[in-house]
Structures are given as structure tokens and as C-alpha cells.
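Take a look at the structure below.
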Amino acid sequence: MTRALRPWLAALCLCCLALSLGLGVAASQALAQAAAAPAIEDVSTVLDKTQAAVTRIQERLKQKPQGIEDTELVAMRDTLQEAQSRADDIAAQLEPELAGVQARLKELGTPAPDAPEPPDIAQQRAQLTKRQSLLDSQIKLARLMGVDARQGQDQISVLRRARFQAELGERTQSLLTPSFWRNVMRDAPRDMRRLDGLLDELGDSLRAVPTHVWSTALALAMLLLLGGEVGRRGLATSTVRHTQPARLRRSIFAVLTVVPYTVVPGLLATILLFVLRWGGELGADLSAFLQQSVIVVYLAGAMAGLGTVLLSPARPSWRLPALTDGLANTLAWVPAVFAVTFALAWTAQRLLELINASLSTILLVNGAMTVALNILIGFTALSLRSSLRGQAQQASAQAPAAASPVLSWARAVPSVLVFVISVSLVAFLLGFIALSSLVAQEIIWLAVIGSITYLLVVLITDVFDSLVAKVGREQAAGLLSAQQARTRCQLLVLISGMLRLMLVLSAIALVLLPFGENPGEWLQRRLGFLTSGFKVGEAQIRPASIASTMIVLLAGVYAVRVLRTWISDQFLPVTRLDESMRTSAANLVGYLGYFAVVMMAISSLGIGLERMAWIVSALSVGIGFGLQAVVQNFVSGVILVAERPI
């Protein structure tokens, strides 16, 4: 591998890493569930317990589902997701053993009706038949349980969406009315007493931590802060040193810069959580709240990093979007404040749920956070609109006839955003706090998804543009023929377009999530589709198996080319074969290798070779009628080269 290829391969790895950053929590849960997969002997017990849990939830949903609290619905959804994952794991775990039992029964064959079977063979056949029946029933039960769990999740999602949409139209007391503040003054002492109890529990846990643990945690935090700052400052130097002077350098630097903003605050929060859990005196609810808070810190750091990277106020030459220096400097403080406000809003909401706060306190806290977010969004939209208007006036002064429709659309977006924020603030003042909060959350969600998609699309574009440029340089240097260069460029452009299309479609799907549904449910459905797939005839086609098939195909083709080159350039020249025979032998090895690779790819796709009989029959008919001359000439050429009659 040449040194020039390393930055591009590293960029591809970073792209995959960034794509999987948002799935980290779900992946860790999946790995934990996979690691805790039950043993074969305990499958019946696990299936019975899981089925009982699913049945209880189904019966609970049938009995007045409108009276179920949202927290209980969330707990039921989590239980059903765990049951579905466990059922899928059990089915995947038992399928290989069932296939092995069926293969052993097939080897035993069918007993002859007129001859007695040996006792040991009959006993083994009976055991295998019993085991096959048990495994088949367990797999069917697990699959049925997975279907029931998915149906229950869908029903819960429908209930939550309906409840969420109904809450949007509800009008509460406005924060401007005196009666609202009277309710706050009445309920605040009770809520403060509950909060004091929670703080006392947290304080007792802190006082139980030994001094050496605090010292170690403080030292680790200082080292982490120092390492993060050194790494952040050294990114530019390292990127310049190891990449070529092109746009790819900026995109790699942008992706790498998001990492310390995400990792450093999250690891600091993880260290603090470790210290708080040292004494083991935290309650289950408080411990779960702190664990979720750590995840929120990671997300807030990623938001701050994305905003800082896209603005790049300190490095204008490294800025990816076409923003003016004035706009970047004006909005330089906004990403950090957005991230902190987001973390505080989430923490406050979960804390109020934890202490079971009164309605007036919840409205007060949510209203304050909603106003803060709306003000930040409005300030950003006004600054962006002012900057775009200045660019438009400057462009029209330089070239009045060249009006850009793209710039017109971009100039309209901040105006629409200002109008939406104005309506949101009016709705908040009228008492529609839930609607105003939803508007702010959706705008932030849209901004985060758009920023991540833009960054990844730019990275993919720059990586593949650099690879295409490298192919052009190799062609100019005479290392590649025109046909080879054209083929490689077409392949690179095709892969780049497919990756960007997948990113854009995923972003659109995340933006258009139904009201009341969170990204975790969306990911659960998509991951379920990746593992379950769809049926084509009797073959089960899974997107994950398609990806593995592509990997097998590409790796196999590369391996066959390497083997053919080795045989042609190193092995055959030391034999007694002449040049024509060496060429024919190398070509024959290549044909056989490609045929084996295609067969392995078909097998990895989930289509057994025994199901290819109809394809072989069709090929036989085609060869017999249309390709017999081609096959005859090929075989004749091999005979002439091998036997050398002439």
C-alpha cells in the first residue's frame, strides 16, 4: 500500500466511524444482548418467560389503553424490544443446530421398509428426529414471539403518537397570567423538598467516595483535558503533513475535529459517573438518570463540535460551507450555548420526571427552556438572513444579470425560519407550550441531521474526487491504460453516488419521523429489516447478507487476480511450458477462480447451490442451442494447446 493511499483509506474509515457514531448506544445494547444469549438447554425456560411477559403486555394494551401513563408505555415498549431481540437471538442461535440435525438425518437416509434397521442406527435416528422436532418448534415459537413483540411495539407507537398529537392542541395556563404564578408558588415548596431528598442521596454517595478515588479521578480528568487540547491543536499540523493540498484536507480535518469535542466531555462525564457509583449507594432510578445524562453529554459535545467545525471562526481557510467571516464570528458562541441549553433542557425534564414534579413546575421549566431555544434559533436565523442579503446585494452589484436561483432559495430559508419562530413564540405566550417546544426541537433536530449529512457528503465527495484524480495521474504517467482508467473512474463515481444517496435518504427518513416516535424506534425497525430481510421464492434475502456477498465478491476477484498474476509471472516461467501454454494455463486458472468466487458469493447470499439446478438447466439449453460453437472452439483451443498436434 503506497503512502498516497493512506489518507483516502483513513478518510473512508472515518466516514464509516461517523456514520456509526449515532448508533453507538444501540450497538452496545445489541452486543450486550448477544453476549448474554441463552444456552441451548435454557431456551425453553427463556421462551416461556419471554412469552409470559409479551402476553401480559398484550392483555394490558387491550384493557383501556388510553388510561396508561406515557412512562408505562415507554417501559412496555422497552420490554417488547428486549423480547424481540431475545427471540431473534434464539432463532438465530438454533437455526445452525437445526440445519446440522437435518444434515445428519439426511446422511442416515430412509430406512428400508422390508429390512430391520440396526438398533444403534434406529436409536440415533429417533434421537435426531426428536431433537429436530424440538428445535423446529422452538424456532417457530421464537419467530412468532418476535412477530407479537413487533406488533405490540407498533400498537404502542400508535398510542403515543395519537397522545402526542392530542397534547399539541391542548392549551395550558400562560406564563403571563397571575394564576399560573400562584400555582407555582403553591407547588414549588413540595417539589423542592423532593429535589432536596434526591440531592441528599447524591451527597451521601459523594461523601462515601474515598480521597484517593477523588485524586485519581481528578488526575485522569486533567490528563484528558490536556490530551484533548493537544490533540485538537495538533490536528491541523497532522492533516497538513499526511494529506495532499486539496479540499480533502479540509474535510478530513473537519471530521477529525468533531471527535475531541464529542469524546472529551463524554469521558469527563463518565469519570464523574464512575466516582458517583463508587460506593454503590445510588438508587436504581437515580443511577439510570445519571447513565442517560452521560449519553446526553456525548450528544451535546457532538452538537458543539459540528457547529464549531462548520463555522470555523478561527480558521477561515478551512471552512467548508461558503459563509462570510462576519457571520462566522457573529455565530461563534452559538454552538456551545446550543449544546449546553440542550443538555440542560433534557436534564431538567428527566429530573422533573424523577421527582414526580407538579404540573406548574413542569410548565415553568419547559417554558423557560423553550424560550431560550427559540431565542437562540431566532438570533441565528436573523444573522444568517442579514449575511445572505449582504451577499446577494454584493453579487447583484457585480453582475446584475447573473441572478442565482440557488441563492434566492437559500435567502428565503432564514426568512421562513424567522416567521416560524415568531409563530412559536406567539403560541407560547397564548399557552400552547407543547406546540412551541415541539417547533424548537424539530428545528434543532433538522439542523443536527443536516449538519451531519452535509459533513459526510462533503467527505465522501472529496475522497472519491481525490481517487479519480489519482487515477488520472496514473494514466498520464503510463501506469494505466485508457480503458483501465475509464473503468476505475466509472466505478469510483458509481460508489460515491450510491453512498451519498444512502446518506441523503437516511437523513430524509430521520427528519420525517412521525410525531411521537424517537430515533431509537426508527433504528429498531431498520435494524430488524437488516437482520430479517425479505423472501424471494424459498430464499431469504437479507441486506446484511447482500453486504457480505459484495465483500466476498470483491475480495474473491482481487484474490483471483493476485493468484493469476503470481502463476503467470512467477510459477509458470520456471516450468518447461512455452509462452502460449503458460498464457492458456493462467487464463484457465482465472476462469476457474472466477467461477468459484461467483459460487461462494451466491452461497453467502443465502441461496443454496442445490437451488441452482434450474439455472444450470437453462444454461445447458442455451449452450446446446446458441453457445455450442463458442464452447466447441474453447475446448478445441485447450486441446490444441495441451496436446500440441500441430
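Packing, as the average of other Cβ atoms within 10 Å across residues, places the peptides 96-103, 254-261 in the order 254-261, 96-103, highest first.
Using the Cβ-Cβ distance between Val147 and Glu82 with R0 set to 22 Å, the FRET efficiency from 1/(1 + (r/R0)^6) comes to roughly 0.90. Extension gain, Val426 to Asp196, is 79.3 nm, computed as 0.36 nm per intervening residue step minus the present C-alpha separation. Panel order for Glu579, Glu229, by other beta carbons found within 10 Å of each beta carbon, from fewest to most: Glu579, Glu229. Between segment 189-241 and segment 102-160, what's the alpha-carbon centroid distance in Å? So the two Cα centres are separated by 53 Å.
The stretch between Ser287 and Ser215 holds 23.7 nm of extra length on full extension. This uses 0.36 nm per residue minus the Cα-Cα distance. Taking other C-beta atoms within 10 Å as the exposure proxy, Asp462, Asp154, Asp114 rank Asp114, Asp154, Asp462 from fewest upward. Peptides 290-303, 52-65 ranked from most to least packed by the mean count of surrounding Cβ atoms within 10 Å: 290-303, 52-65.
Provide the three semi-axes, in whole Å and in decreasing order, of the ellipsoid equivalent to segment 60-164 as defined by the square roots of 5 times the Cα gyration tensor eigenvalues. Largest first, segment 60-164 gives 47, 11, 9 Å.
Binning the C-alpha pair distances of segment 176-514 at 20 Å intervals from 0 yields a P(r) profile of 22, 50, 24, 4, 0 %, listed from the shortest bin outward.
Run the numbers for Met502 and Leu359: contour at 0.36 nm per residue of separation, minus the present Cα-Cα distance, in nm.
Numbers: separation 143, 0.36 × 143 = 51.48 nm, distance 4.30 nm.
Gain on stretching Met502 to Leu359: 47.2 nm.
Every read-out reported here was derived from the displayed coordinates using simple, explicitly stated rules and does not represent laboratory data. Computed from a predicted model, the values in this text were never measured in an experiment. We place every Cβ from the backbone using ideal geometry, glycine too, and count neighbours over all the protein chains shown.
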